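There's a structure below that I have some questions on.
The values are calculated or read from the model by the stated rules, or taken from the named source; none is laboratory data. None of these values were measured; they are calculated from a predicted model. Because the Cβ atoms are built from the backbone with ideal geometry, glycine has one as well, and the counts that use them run over all protein chains shown. Areas reflect the complete protein model, heavy atoms only, side chains present, ligands, DNA and RNA absent. Shrake-Rupley method; radii C 1.70, N 1.55, O 1.52, S 1.80 Å.
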Amino acid sequence: MSMQTLVLGANTVITQPQCSVAFSTAKPLTFGQQLGLIWLPLDEQRKAACSPAYLHETKDWAKLNNIDNPNEWQLDLPQLFDSQGVSYLQLIAYAYHEPSLNLPAVELDNISLKLNDTAISYDFKATERHVKAAIILEIYQRNGQYKCRALGESSTQGLASLEHRLQVSLDMRSPNTHALIQDAQRMQNQPNNESRPPRHVQAGETWTGTAFAIDPYHLLTCYHVIESAAMIGIRQQGQPDREAQVVLSDIGSDSAIIKVSEPLPNYLPLAQQCSDNLGESITTLGFPLSGLSSQLQVTQGCISGLTGLSNDIRYMQFTAPIQPGSSGSPLLLPTGEVIGMVTSSFVHEHAQNMNYAVKFQLLSALLSSAGIGLDNSYDSSLTKTTHLTTPQLSKQSRSALWLVGCQG
């Protein structure tokens, strides 16, 4: 079989819909250690169509041929394009960069890829210095054929700039962070969002969680609350039940945005600036153990850590007691602002009150990815300057809290 070499902007037919893709670099850099890859599915408007595939989070349609060799992939294009509303599949290569981990700086230079055992090849060459991320390939479907196009859109700012352009939330953590979290959780038999298998539910199975409104039509909750749900409803005492639809979800931060068609009575403001809140008092409102009681419950505690398990910077640790069903509850500062969202609890016989919340910065980024702007006019002088008592917080915020009911 003769090899076809692509140049920038050229396209060609992929003759095997179940195709293999292999990578190599000119410099001695290793995928999975210094470089990452993302397969990003897009719809017709080139917006995110479903969750991407990463080296640390493969998919049924994008798998590693050998887990010990993370630069060889197997793609099942019909499974992706025919069942999930995908029009384009873009390949992003990027350098891992997490300043808090003090990793040595690397950059993209030359990356070679080969499709279907060298039938098609493309050599991406960075045209400027300090490139941290680049879209190097696009796969699409035309007239019943799969085609690929050689691209070279690069960024010296890394994934953050591509996030903004594509309006999608991407997981930028280094493999060191993933390995630390996964090792710790394997030791404690506590699977995290990226490593655990998808939830399998039976038809008619139900479960609950918590959500809070952030504008008149949108609410935030956890990804694992709405995962695999065929129907989502929200309920609040004194209000009619409403059906909700998922706008955008991100397994990496365990966050999701849901939307209703009728305006909500109240919503909560997200914190607007980052500060050292270690030791700050917080209040949570949610619907834990809703099988026993569907009443809103309030707990108190403080921010006990500024990172999550294994120093994961996406999360903070807090001490307010939580139970199953609390996922999606807001962490409220005394000002009434949301500083985080309850996502998980680390259970161990020698550890107590090791509970974690997604930081407000990630929640804001998710909303931005969905094109949802926050109403800053809501931040009244009361919430900006006054520290409320717990009863005042509860009274002011309770109408923004909803019990989420899901059915498989």
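For the structure I just gave you, tell me whether Leu382 is part of a helix (DSSP H, G or I), modelled with pLDDT under 85, open to solvent by 10 Å² or more (accessible area, probe 1.4 Å) and hydrophobic (A, V, I, L, M, F, W, C).
yes
Among the residues of region 36-62, write down those that are aliphatic (A, V, I, L, M) and not in a loop (DSSP other than H, G, I, E, B).
Residues satisfying the conditions are Leu37, Ile38, Leu40, Leu42, Ala48, Ala53, Ala62.
Scan region 201-214 and give yes if some residue there is at pLDDT 90 or above and either touching a Lys or Arg at 6+ places or on another chain (Cβ under 9 Å) or closer than 16 Å to Ser368 by Cα (or both), otherwise no.
Yes, because at least one residue in region 201-214 is at pLDDT 90 or above and either touching a Lys or Arg at 6+ places or on another chain (Cβ under 9 Å) or closer than 16 Å to Ser368 by Cα (or both).
Please work out if Cys302 is farther than 23 Å from Gln236 by Cα, in contact (Cβ under 8 Å) with a residue 12 or more places away in the chain and either open to solvent by less than 20 Å² (accessible area, probe 1.4 Å) or in a strand (DSSP E or B) (or both).
yes
Before we move on, is Met354 open to solvent by less than 50 Å² (accessible area, probe 1.4 Å), more than 22 Å from Leu162 (Cα to Cα), under 26 Å from the mean Cα position of the chain (by Cα) and modelled with pLDDT under 90?
Yes.
Okay, moving on. State whether the residues of region 28-35 include one that is assigned to a loop (DSSP other than H, G, I, E, B) and at positive phi.
Looking through region 28-35, at least one residue is assigned to a loop (DSSP other than H, G, I, E, B) and at positive phi.
Which fully enclosed strands (runs of 3 or more DSSP E) of region 206-252 have 1 or more residues being within 16 Å of Gly340 (Cα to Cα), open to solvent by less than 10 Å² (accessible area, probe 1.4 Å) and hydrophobic (A, V, I, L, M, F, W, C)?
206-213, 218-221
Let me ask you something else. Checking the conditions here, which among Val342, Val298, Val338, Val246 is farther than 27 Å from Gln392 by Cα and at pLDDT 90 or above?
Val246
Name the residue that is farthest from Ala22 (Cα to Cα), counting only residues in region 103-138 that are of a type in the set (S, T, N, Q) and modelled with pLDDT under 80.
So, considering only residues that are of a type in the set (S, T, N, Q) and modelled with pLDDT under 80, the one farthest from Ala22 (Cα to Cα) is Thr127.
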